[in-house]
Amino acid sequence: EMKAFLTKKIKQIPGTEVIVSLGKLHQIQVFVLGEVKNPGLYNLPAMCTMVDALIAAGGPTGRGSLRRILLKRNNKIISKLDLYNLLLKGDKRGDKRLRHGDIIFVPLAGPLVGVAGNVRRPAIYELKKEKTLYDVIQLAGGLLPSAWDQKIQVIRFEGHERKVVLDVNAQNIKKLKSFTLQDGDLVKVFSIVPTLANSVELIGHVVRPGIYAYNPGMILKIGRAH
């Protein structure tokens, strides 16, 4: 745009060529505060974004939110960054460019739910719009083929008094979508029984011990190997 502007201004001078290059970028000062590893005032290149500032500050702490990172400018909230969109989907649209004097604030994490066992991405997840067991399983990448979907177990702290266990049949999608999770829940997805359903196993002093497919009518026949 600068080249086009200058060319338009001096095109009346014959033989003139416009060359525009970018010199050294000026620095801006940005505050990175809240639950980050190294909070403080940072001098950053003028073209940097929220993620660049977070990296400079060492990233959120284990207590910090990854889903509600605030960009404040002139005492107003300009943007709310959800790092899950970037980390899980590669979506960088919420990563706003910074200006001099901006404040990036990382609050405490919201409700946390652990997902363990036979899912594609077991981890501790911070909930935002996700409310149900179905939502959290999708957040964890879905069930593995080895998952036993007849029982998903939710371990929950109830009333700051006791710990309870709740079983949910994952084959019933309606139950998954209606089962609301709470802060501190642990979701366990068990594996199917590791035995083969249509097999027999031959062990001992035989030529070819191992597991064989079972067919109706099979018998045990002892013979001499040649």
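The values are calculated or read from the model by the stated rules, or taken from the named source; none is laboratory data. These numbers come from a predicted model, not from an experiment. Neighbour counts are summed over all protein chains in view; Cβ atoms, including those assigned to glycine, are modelled from backbone coordinates with ideal geometry. Just so you know, the surface numbers come from the protein's heavy atoms only, side chains and all, with ligands and any DNA or RNA stripped out. Shrake-Rupley method; radii C 1.70, N 1.55, O 1.52, S 1.80 Å.
Could you order M218, M50 so the one with the most accessible surface comes first? Probe is 1.4 Å.
M218, M50
What figure in square angstrom, to the nearest 10, would you give for the accessible area of S178 with a 1.4 Å probe?
Its accessible surface works out to 80 Å², give or take rounding.
With a 1.4 Å probe and all protein chains left in place, how much accessible area per residue does the chain have, in Å²?
Per residue, the chain has 70 Å² of solvent-accessible surface.
Per 0.36 nm of contour for each residue apart, how much would the distance between T61 and L41 grow if the chain were fully extended, relative to their Cα-Cα spacing?
Going from the current span to full extension adds 5.5 nm.
Pairs of alpha-carbon atoms within less than 8 angstrom and 6+ residues apart define the contacts here; what relative contact order does the range 83-131 have, in percent?
Relative contact order comes out at 24 percent.
Can you tell me, using C-alpha contacts under 8 Å and at least 6 residues apart, the relative contact order of the chain as a whole percent?
Value for the chain: 14 percent.
Given a Förster distance of 45 angstrom, what is the FRET efficiency for S21 paired with L108, based on the Cβ-Cβ distance and rounded to 0.05?
0.50
In what sequence, largest accessible area first, do R208, R156, R97 appear using a 1.4 Å probe?
Highest to lowest solvent-accessible surface, that is R208, R97, R156.
Quick one: pull the percent of accessible area on the chain belonging to carbon and sulfur, 1.4 Å probe, ligands and nucleic acids left out.
That share works out to 56 percent.
Which entry in (1) 185; (2) 332; (3) 160 is this structure's computed volume of the Cα convex hull per residue in Å³?
Among (1) 185; (2) 332; (3) 160, the one calculated here is (2).
Looking at this model, which pairs from K24/K96; K72/K174; K129/K188; K129/K163; K92/K131 are more than 32 angstrom apart at the alpha-carbon?
K72/K174
I'd like the accessible area for I103, computed on protein heavy atoms only with a 1.4 Å probe and all protein chains in place. Round to 10 Å², please.
Around 60 Å² of this residue is reachable by solvent.
Under the 0.36 nm per residue contour assumption, what length would be gained going from the current alpha-carbon distance of I211 and Q182 to full extension?
Length difference between fully extended and current span is 6.0 nm.
Starting from 0.36 nm per residue, how many nanometres of slack lie between I173 and F5 once their C-alpha separation is accounted for?
That works out to 54.5 nm of additional length.
Using alpha-carbon pairs under 8 Å, 6+ residues apart, how would you state the relative contact order of the range 152-226 in percent?
23 percent.
For the chain, give the share of DSSP beta bridges that are antiparallel, in percent and rounded to the nearest 5; count only bridges with both residues there.
Percentage antiparallel, nearest 5: 85.
Quick one: 3J(HN,Hα) in Hz for the range 66-79, Karplus 6.51/-1.76/1.60 with θ = phi - 60°, rounded, Gly and Pro as x.
For the range 66-79, the Karplus curve yields 9, 10, 9, 7, 9, 10, 10, 9, 6, 6, 10, 7, 8, 7 Hz.
Could you tell me the calculated FRET efficiency between D91 and T195, based on Cβ-Cβ distance and R0 = 41 angstrom, to the nearest 0.05?
0.45
Sort E158, E17 from largest to smallest accessible area, using a 1.4 Å probe on the heavy atoms of the protein chains.
Highest to lowest solvent-accessible surface, that is E17, E158.
Round to a whole angstrom and tell me the spacing of the C-alpha centers of the range 161-226 and the range 60-87.
Taking the Cα centre of each part, the range 161-226 and the range 60-87 sit 43 Å apart.
With a 1.4 Å probe and all protein chains kept in place, how much accessible area does L202 have, in Å² rounded to the nearest 10?
Accessible area of L202: about 70 Å².
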